[in-house]
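Below is one structure, written out as structure tokens, with a few remarks after it.
The values are calculated or read from the model by the stated rules, or taken from the named source; none is laboratory data. Everything numeric here is computed off the predicted structure, so don't read it as measured data. With ideal geometry, Cβ positions are generated from the backbone for all residues, glycine too; neighbour counts draw on all protein chains shown.
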Amino acid sequence: MPRSPNSPRPKAGSVTLATVAQRAGVSPQTVSNALNSPELLRPETLERVRRTIDELGYRPHRAAQTLRTRSSKLIGYGIRPTAPGTSAPVMDRFLHALSQTADEAGYRILLFASPPGSAGLDGYEELLDLHSVDGFVLSGTERGDQRQAWLEKRGVPFVGFGRMWSGRQIGDWVDVDGASGTDAAVEHLVALGHRRIAFLGWPRGSGVGDDRAMGWQRAMQRHGLPVRGKRAQSIDDIASAQAAVGPLLDAGVTAVIAASDMLALGCYHALRERRAVPGKDVAVVGFDDSPTAALLSPGLSTVAQPLEAVGRECVRLLLARMSELGAPPERVLLEPSLVVRNSTSASDD
């Protein structure tokens, strides 16, 4: 019998194909036909089953893995918007590594728009409703991110490129140890004789940015070097970074570690505005090893992320999650590496 208006709605995680069949007053095979061969059903039966599926929030290809009859061999990846006039070369490289690894495993990456906030969940909902993907890869994880809990509640496999920066840890993720990268940059500069080492980061509250700032602060304190008055913040924009780093340069720092190559480029502009030479007068270290880093004059020393390894690990974890939804979550933290170029040289400090 169809569900009466007063019948309690089952919890999302408990809804199965059999639940739908019982509520709609049909057999499980009829529900399966509605999902996979709708042409076999009478229009009124099909409509009743589909209405019940919508009412219960049933996700047929995820609610019971053993009932799956086919796989799309597609992995969804939501593209986050970038600010006008900016680019995201690091994420482009990650996406290439992810696509190549997925291809080797017999999968394809399906791209879709995914703006931040609750509005971005619409794309995930649409792909699930259309049964188009087998799982998702998330990137751009941030404090208060809703995607992990939303997907977990629906039993949808996913893996994050990036940790959860607040709340309960949910699901599998792969990330790069940003704190280790900036720690290594401080060690490199200290070995060159620098003692007045500043950090140019993003505004506080960014999980990734705060992680990179922490590595700088940790290494500075380990060497007994002062950090007070040696940290500035800027959005990821050249002109903003140029303005933000000015007071640090005027205060006489001999080296600047930036949270991104974009911020480091702003530091280059600020130095040249003062008729100073990056590397010769003030050492500069970036983060990400973007294509621009090697093309600058002088070449920018920077921290490189192992994006190929990130792509491989994301696909490995996602495929494992698809095959065993109930397995304990796995988290992988990868080490970056410092690429030394001519923007860092010895100091007389």
Matching residues in the stretch 290-305 - criterion: being surrounded by fewer than 19 Cβ atoms within 10 Å (Cβ to Cβ) and hydrophobic (A, V, I, L, M, F, W, C): Ala294, Leu295, Ala304
message: As an exercise: evaluate Glu308 against (1) surrounded by fewer than 20 Cβ atoms within 10 Å (Cβ to Cβ); (2) at negative phi; (3) modelled with pLDDT of 95 or more and give the number of the one condition it does not meet.
response: (3)
task: Could you identify the single residue in Ala309, Ala283, Ala255, Ala293 that is closer than 28 Å to Leu334 by Cα and under 20 Å from the mean Cα position of the chain (by Cα)?
output: Ala309
Identity of the residue in the stretch 90-124, among the polar types (S, T, N, Q) and within 23 Å of Arg143 (Cα to Cα), that ends up surrounded by the fewest Cβ atoms within 10 Å (Cβ to Cβ): Ser118
- line: In the stretch 33-49, anything out of contact with any Ser or Thr (no Cβ under 7 Å at 6 or more places or on another chain) and surrounded by fewer than 16 Cβ atoms within 10 Å (Cβ to Cβ) is listed as Ser37, Pro38, Glu39, Leu40, Arg42, Pro43, Glu44, Glu47
message: Being over 27 Å from Ser166 (Cβ atoms) and at pLDDT below 95 is the filter here; which residues of the stretch 186-224 pass it?
response: none
Filter result for Arg212 (out of contact with any Leu (no Cβ under 7 Å at 6 or more places or on another chain), surrounded by fewer than 16 Cβ atoms within 10 Å (Cβ to Cβ), closer than 19 Å to Gly178 by Cα and basic (Lys, Arg)): no
query: Is there a residue in the stretch 198-210 that is charged (D, E, K, R), under 20 Å from the mean Cα position of the chain (by Cα) and either within 20 Å of Pro278 (Cβ to Cβ) or not assigned by TED's automatic domain parsing to the domain that holds Gly140 (or both)?
result: yes
task: Answer yes if at least one residue in the stretch 156-172 is touching a strand residue (DSSP E or B) at 6+ places or on another chain (Cβ under 9 Å) and of a type in the set (D, E, K, R), and no otherwise.
output: yes
- prompt: Taking the condition of a type in the set (Asp, Glu), in contact (Cβ under 8 Å) with a residue 12 or more places away in the chain and not assigned by TED's automatic domain parsing to the domain that holds Thr182, does Glu330 pass?
  reply: yes
statement: Expected single match for modelled with pLDDT of 95 or more, among the β-branched types (Val, Ile, Thr) and in contact with a Pro (Cβ under 9 Å, 6 or more places away or on another chain) among Val284, Val253 is Val284
message: Considering only the stretch 334-348, I want to know if a residue exists there that is crowded, with 16+ Cβ neighbours inside 10 Å, modelled with pLDDT under 95, at negative phi and within 25 Å of the chain's Cα centre (by Cα).
response: no
